[in-house]
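Notes for the one structure printed next.
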Amino acid sequence: MKSKKIIHIHHACVYTREGINFILKELSGDLNVKLISNAGYVQANTIHDSKKEDVDFFILGLEWGNNYGETFDFFIQWLPLYYPQAKIIVMTQCDSIGMLKNYLLGLGNVSAVLDSKIEIQELRQSLQAILTGSLDSKAKRKQTMLLTNQEVKVLKHLLQGMPVFKVARKLQIHCKTVSSHKRAALNKLEVTSLYALMKYGNNTHMVSGLLRREGSTTTESG
């Protein structure tokens, strides 16, 4: 008897979304698939209603433009809390996120990171291998060191353009502690600076102006 797979699709591109739907319907001969399709890029509040379902897989179109901190918060804290059993298939522009792809692949709930420019036949093969369990998705991976809750908060505020002293005041910690959390987070992400983190998104104009402050632009690089 085939096991039922409940799959939540969340991707802004209607053509990609329909392509995934078409592939999964083709695979339904091998899998008992129930689809939950939504428009738009993923955000915690937009998929909260699907908590009624015991989702097995999320296929997420990932946009980094809004805030890296929010994205890490979503992957590291929100999804494991509400969907601890679910596996995630990420679709994003791999050439624009650099080493962050390795970080995502090291997370325990991420099965694969697929390029948004993937050919449909390759996408079909990848989805079939992942959903049927024939792909050893954790083979030869470096285990990711998870960002702590405080590191996520610090990163989120800094990427929003908040100066260190304001972050310290908001989180009620010392400025040196803010810098320490920032260094720890960047080391885990294997990037050298906030600017380098922002630059991945800027390659496709997704996070231009992310560090812009009123009246001036300040780039924090160390």
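Taken together, the values in this text are just the output of simple stated rules run on the coordinates, not laboratory data. Since the structure is predicted, the reported quantities are computational estimates derived from the model, not experimental observations. Neighbour counts run over all protein chains shown; Cβ positions are idealised from the backbone, glycine included.
Scanning residues 5 or more positions from His11 or on other chains, those with amide H under 5 Å from its amide H are Asn38, Gly40, Gly61, with H placed 1.01 Å from N in the peptide plane. By the beta-carbon count within 10 Å of each Cβ, the least crowded to most crowded order of Val90, Val154, fewest first, is Val90, Val154. Once the Cα-Cα distance is subtracted from the 0.36 nm per residue extended length, the Ile120 to Asn21 segment shows a gain of 34.5 nm. Do any of Lys5/Lys188; Lys101/Lys156; Lys87/Lys170; Lys101/Lys166 go past 27 Å between their Cα atoms, and which? Cα-Cα > 27 Å for Lys5/Lys188; Lys87/Lys170; Lys101/Lys166; rest within.
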